[in-house]
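J.: Questions regarding the structure given below will be posed in turn.
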Amino acid sequence: MSEARIIDGKAVAESVRDEISARSAALLQSSGIRPGLAVVLVGEDPASQVYVRNKDRTAEACGFHSVKHTLAADTPETDVLALVEQLNNDPAIHGILVQLPLPRHIDESKVLRLIKPEKDVDGFHPVNVGLLTAGERSAALVPCTPAGSLVLLKRTLGQDLSGMNAVVIGRSNIVGKPMASLLLQESCTVTIAHSRTRDLPAVVRTADIVVAAVGRPEMVRGDWIKPGATVIDVGINRLPAPELGEGKSRLVGDVAFKEAVQHAGAITPVPGGVGPMTIAMLMVNTLTAARRQLNLPEEA
Ligand code: NDP
């Protein structure tokens, strides 16, 4: 069997960002308003610092008004809540993202629930979760990683996914559950697998679409993949790579790529697959949030 087509998430993300830049420029010209994104980082987690820097840079590249708030790791919870409240009331800010994880002394759900649902560009507020689950996607802000994964699926398989068997491995609130909701709305037959699932390989073998969001390096083996299936690998795992030099590491997904590429019809690589889509979809959500707050019609 021929090797799978590699889904180039970097290229798709670039085209999404280009489109958002153009739409943001058009908004500025017609209304004088730039979409505003505020990112809040508490503490010095190095991975979070990299993500926040990338989000800030991408927002600026899209022509957004971008604000970064960096707070010390020991900032009291009340100060974080006060900052969110201030951003909720700032008309120049249309999207608020609080970078997770937060330090232990801060109640994550308390902070996330305080963000106004219409400014919740991560899509984690219960109102947005509820709208998505109720099938009202057009009124919700959808979490960025699943939304980006769906864009990749549609660019690969076409707009109509109805009737396909989709297996989502992982049931987190950030990836697995919203991914399953999105696929259900596309009229896929959706199975959600998790750590208690029996005979996971057999479950995965039924799938036309596999979305792996587990956080276990190369757990999904090639012979689990039905020939021709489309595989979206959300996992990002860092493994030591002494062959690259002392102290070096490399990124791998949740799927054993070299094996799966022999079975799948199409597959996302790690890195360069879902990862770049997440930030691109944050830009989409920020522009969407801005247009809704300005009472402008949705764009196609
Ligand atoms: P979580 O740890 O929150 O969830 C992992 C899920 O995998 C859980 O539902 C868990 O099941 C399930 N699981 C764990 N072990 C097994 C197993 N042996 N068999 C089947 N299921 C299992 O992770 P996230 O959803 O936050 O992230 C998943 C991966 O995606 C990570 O690698 C993360 O780094 C990556 N990620 C990538 C992003 C991107 O931009 N590309 C963004 C966000 C995440 P149970 O519920 O039963 O414990």
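J.: Quick one: M179 ticks every box in (1) over 26 Å from R137 (Cβ atoms); (2) part of a helix (DSSP H, G or I); (3) of a type outside the set (G, A, S) except a single one, so which number is it?
T.: So M179 meets the others, but not (1).
J.: Could you count how many residues in the range 190-205 are farther than 21 Å from H263 by Cα, surrounded by 13 or more Cβ atoms within 10 Å (Cβ to Cβ) and of a type in the set (S, T, Y)?
T.: So the answer is 1.
J.: Do you know which of the residues in the range 233-259 that are of a type in the set (D, E) and surrounded by fewer than 10 Cβ atoms within 10 Å (Cβ to Cβ) is nearest to G170 (Cα to Cα)?
T.: Checking each candidate, the answer is E243.
J.: When you look at D74, is it touching a residue at least 12 places away in the same chain (Cβ under 8 Å), surrounded by 14 or more Cβ atoms within 10 Å (Cβ to Cβ) and among the charged types (D, E, K, R), yes or no?
T.: no
J.: Among (1) in contact (Cβ under 8 Å) with a residue 12 or more places away in the chain; (2) within 16 Å of the ligand (Cβ to nearest atom), there is one condition S249 misses while meeting the rest; what is its number?
T.: (1)
J.: Do you know which residues across the range 218-237 are touching a Lys or Arg at 6+ places or on another chain (Cβ under 8 Å) and more than 9 Å from the ligand (Cβ to nearest atom)?
T.: Across the range 218-237, the qualifying residues are G222, W224, I225, K226.
J.: Mind checking which pairs have a first residue in the range 183-202 that is on the phi > 0 side of the Ramachandran plot and a second that is more than 8 Å from the ligand (Cβ to nearest atom) and of a type in the set (D, E, K, R), Cβ under 9 Å, 6 or more apart or different chains?
T.: Final answer for the pair search is S187/D160.
J.: So, one more: Considering each residue of the range 190-206, count those that are polar (S, T, N, Q) and more than 10 Å from the ligand (Cβ to nearest atom), and give that number.
T.: Final tally of qualifying residues: 2.
J.: Checking the condition more than 14 Å from the ligand (Cβ to nearest atom), surrounded by fewer than 16 Cβ atoms within 10 Å (Cβ to Cβ) and more than 18 Å from T133 (Cα to Cα), which residue from G215, G163 passes?
T.: Selected residue: G163, the only one of G215, G163 that is more than 14 Å from the ligand (Cβ to nearest atom), surrounded by fewer than 16 Cβ atoms within 10 Å (Cβ to Cβ) and more than 18 Å from T133 (Cα to Cα).
All of the numbers you see were taken from the coordinates with simple rules; none came from a lab. Since this is a predicted model, take the numbers as computed values, not measurements. We place every Cβ from the backbone using ideal geometry, glycine too, and count neighbours over all the protein chains shown.
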